Amino acid sequence: MPKFSLHTKLSRIQKLIAEFEQGNTPQARDVALVLSTQQRAEMDEAWRQQKAQRAPIKPAALKAYEQQLTLAAMWQGRLERHIVTPPMLPITAYLWDDRMSKQATLQSKADAALQSAKQALVQAMHADANMEDWLDRAVVMEHIEDTTLQYMTLEYMPRCITSRSKSNLANTIRPHLRNKQSIREIKMAALRGALAEVQREIDLLQPPLTADEQQQQSAKLKHLLARMKSVR
């Protein structure tokens with residue numbers, strides 16, 4: 001495993017945390033490289049304990065729901081890209097009709113996929129009374145089953161607590177899930193702990209400034225500010 005200087009390690013950890021916060025998923029190897037053996041072991045143990053809080057195997061009915069939800073997200077994404085992508089050629093009546101026809105087709109497929117996801121969720125909830133423990137939000141069955149509700153969009157649909165989706169609301173709106181974490185959250189916690197530890201090591205290697213050094217730094221700062229003002 002490569003050895004990094006403390007400042008290089010600090011920079012790498014900060015970049016990984018930023019990636020997670022932006023909704024991306026850094027490679028597991030990159031995360032492991034900046035953690036110590038003990039930190040990796042603690043992260044693995046935390047995830048093992050999290051999985052132990054749930055059923056040992058994700059229910060098949062939930063997997064079926066996730067597949068339908070992924071399909072719905074795919075068609076919704078294609079629809080949104082079609083709407084925002086400007087046409088390459090000057091719009092004629094024929095091209096406009098063709099564009100609107102494609103949009104209607106995508107909308108129909110997105111709606112059908114979302115409806116299938118709702119049906120799969122209803123079946124999953126009826127199949128296992130504890131299914132909600134796997135989901136990131138409370139499920140109101142009457143809302144899921146009522147096809148007339150306009151706000152029952154893709155974003156409203158619950159995600160599995162282990163999902164990497166940006167729409168995963170675990171630990172945000174359900175108080176009883178606050179002790180449950182996704183693998184992303186556990187990795188972020190491990191990285192933040194490593195960041196704090198590296199910062200402490202760096203601080204220990206830097207002796208406190210003497211009174212003379214503090215005065216010199218203050219003088220340099222004042223001189224720099226005066227130069228900046230003179231340039232204006």
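Based on the mean of other Cβ atoms within 10 Å per residue, sort peptides 128-134, 110-116 so the most packed one is first.
110-116, 128-134
What order do you get for 15-22, 186-193, 96-103, 210-217 when each peptide is scored by the mean count of other beta carbon atoms within 10 Å, highest first?
186-193, 15-22, 96-103, 210-217
If I model a spin label at residue 33 and residue 204 as a point 7 Å from the Cα along the Cα→Cβ vector, what separation in nanometres do I get?
For the pair residue 33/residue 204, the computed spacing is 2.5 nm.
Can you tell me which lysines have their Cα less than 23 Å from the Cα of residue 58? Leave out same-chain residues fewer than eight positions away.
118, 166, 180, 187
Every number in this text was worked out from the coordinates using simple rules, so none of it is lab data. Treat the numbers as computed from the prediction; the structure is a model and nothing was measured. No Cβ is skipped: glycine too gets one built from the backbone with ideal geometry, and neighbour counts run over all protein chains shown.
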